Amino acid sequence: MTIKNLTIKTLTAFAVSSALSAPVYAAAIGDTTVNYGGYVKLDAIWSDFSDGTLPSAHIGRDFYVPGTTPVSATHSEDAVFDMHARQSRFNFGTATKLTDRSEIKTKIELDFIVSTGGNERVSNSYSPRLRQAFVTYKGWLFGQAWSNFQNVGALPETLDFVGPGEGTVFVRQAMAKYSVGNWSFSAENPESTITTADKGRVVTDDASMPDFTARYNHQADWGNIVISALARQLTYKIGEADESETSLGVSASGRVNLGKNNIKFMITQGKGLGRYVGLNVANGAVYDGTNLHAIDSTSGFISYQHHWNTQLRSTFLYSFFSADNETSLLTITGDPTESSMSYSANLLYSPVKKLTFGAEYKVGTRETQSGLDGDINRLQLSAKYAF
């Protein structure tokens, strides 16, 4: 359809091979292409916790957040059932051709999960949430985007919002990033999560420098591998305290193609990684009243996706997290998470392109340093249409 100098067309620049991508539609206006895309998704979730039920409207009932799995010595409660369309999202972008044949691109993306507003009595009206907002120009990216420390392409296709909750690096934040060849480097927004003497989580925003990352991407016929590194400063500057500690981490992730099928994986190890891994299942450091002690951790996942035919496919996933808590600090930290593990399997059916119905079963376990543990069994049914 053409209206003056406005041409509507379908673009296929973004592959539909990952759970995070979607087709994009665009309008060309002079030297600028305006595009949009997204999806509508309904989730029906049945959750059975072994050691108590999460309250209504809790984030851990919208999707799997390993640090919220209840652990106690009490008896289990009845299972709970939830339905929502909050994962639905919309993105809008532009691409403008310049006289030197380069391009300036922008993207803004919104969804409605992990946001305030509404209630389940009448309206269910949830506030839009900013996911990404950035501009790119000649290798530079400025704005909010996926952390350069994370490899989004390694995330498996799951019905759960994240999938390998405890095993993946998962951060979006403001940054300045530069990419050249197979390399990319970034300076990103700093934030520390600290455990204090009252056994609570304190989020501090008083670092004197940004978080720094470096990343190398290798593409081959067999798939790809990404190696990324993180260096940052953990801080606690509240009251008379003025402490800092260095945090370092490294992550290896990628995809191995097996014909139409694939294996995806990630392994991450570091000191004081905190909010960068496992959806902040562990804090970055402990403040003992005098010094900061960074928490070491190891996490990872592996998944296998199998295409049964042109319409049916499945993802089988295993994910884990392990923290090396200093036992001498337990009087301060209380009973922190020592480990978390989950595995899941799904069956996805696409009768036509862009429309997917699915069922997924997930089992997760969280164990604390004292040995208390709790399980979650979750069945999720979803219907999704990408546009």
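The values are calculated or read from the model by the stated rules, or taken from the named source; none is laboratory data. The model shown is predicted, which means the values in this text are computed figures rather than measured ones. Cβ atoms come from the backbone with ideal geometry, glycine included; neighbour counts cover every protein chain shown. Remember, those area values only see protein heavy atoms, side chains included, never the ligands or the DNA or RNA. Shrake-Rupley method; radii C 1.70, N 1.55, O 1.52, S 1.80 Å.
Yes or no: GLU103 over 23 Å from the mean Cα position of the chain (by Cα), closer than 30 Å to SER319 by Cβ and among the charged types (D, E, K, R)?
Values: over 23 Å from the mean Cα position of the chain (by Cα): yes; closer than 30 Å to SER319 by Cβ: no; among the charged types (D, E, K, R): yes.
So GLU103 does not fit the description; no.
Of the numbered conditions (1) under 25 Å from the mean Cα position of the chain (by Cα); (2) open to solvent by 20 Å² or more (accessible area, probe 1.4 Å); (3) among the hydroxyl-bearing types (Ser, Thr, Tyr); (4) more than 21 Å from LEU54 (Cα to Cα), THR290 satisfies every one except a single condition; which is it?
(1)
Only one of these conditions is not met by GLY371: (1) at pLDDT 95 or above; (2) on the phi > 0 side of the Ramachandran plot. Which number is it?
Condition (1) is where GLY371 drops out.
Tell me yes or no: at least one residue of the range 228-238 is under 20 Å from ASN291 (Cβ atoms) and part of a loop (DSSP other than H, G, I, E, B).
Scanning the range 228-238 turns up at least one residue that is under 20 Å from ASN291 (Cβ atoms) and part of a loop (DSSP other than H, G, I, E, B).
Quick grid of which residues meet (1) buried (at least 20 other Cβ atoms within 10 Å of the Cβ); (2) touching a Ser or Thr at 6+ places or on another chain (Cβ under 8 Å):
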residue: PHE185; (1), (2): no, yes
residue: ASN189; (1), (2): no, no
residue: THR196; (1), (2): no, no
residue: ALA231; (1), (2): no, yes
residue: VAL281; (1), (2): yes, yes
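Quick check on my filter: what residues within the range 338-358 are without any contact (Cβ under 8 Å) to a residue 24 or more places away in the chain and surrounded by 15 or more Cβ atoms within 10 Å (Cβ to Cβ)?
Of the residues in the range 338-358, the ones without any contact (Cβ under 8 Å) to a residue 24 or more places away in the chain are 352.
Within the range 338-358, none qualify.
So GLY284 fits all but one of (1) closer than 30 Å to GLY181 by Cβ; (2) in contact with a Leu (Cβ under 7 Å, 6 or more places away or on another chain); what number is the exception?
(1)
State which residue is modelled with the lowest pLDDT when the search covers only the range 233-252 and only residues that are open to solvent by 50 Å² or more (accessible area, probe 1.4 Å) and not charged (D, E, K, R).
GLY239
For (1) closer than 22 Å to GLU191 by Cβ; (2) surrounded by fewer than 20 Cβ atoms within 10 Å (Cβ to Cβ); (3) of a type in the set (Gly, Ala, Ser), each residue gets a yes or a no:
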residue	(1), (2), (3)
GLY254	no, no, yes
VAL277	yes, no, no
THR310	no, yes, no
SER328	no, yes, yes
PRO336	yes, no, no
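Filter the range 198-213 down to residues that are out of contact with any Gly (no Cβ under 7 Å at 6 or more places or on another chain), open to solvent by 50 Å² or more (accessible area, probe 1.4 Å) and either in a strand (DSSP E or B) or at pLDDT below 95 (or both), then give me how many there are.
Within the range 198-213, the subset out of contact with any Gly (no Cβ under 7 Å at 6 or more places or on another chain) is 198, 200-213.
Narrowing further to those that are open to solvent by 50 Å² or more (accessible area, probe 1.4 Å): 198, 201, 203, 205, 208-209, 212.
Cutting the leftovers down to either in a strand (DSSP E or B) or at pLDDT below 95 (or both) gives us 198, 201, 203, 205, 208, 212.
The total comes to 6.
Looking at this structure, is LYS41 charged (D, E, K, R), in a strand (DSSP E or B) and over 24 Å from TYR385 (Cα atoms)?
When the stated conditions are applied, LYS41 does not pass them.
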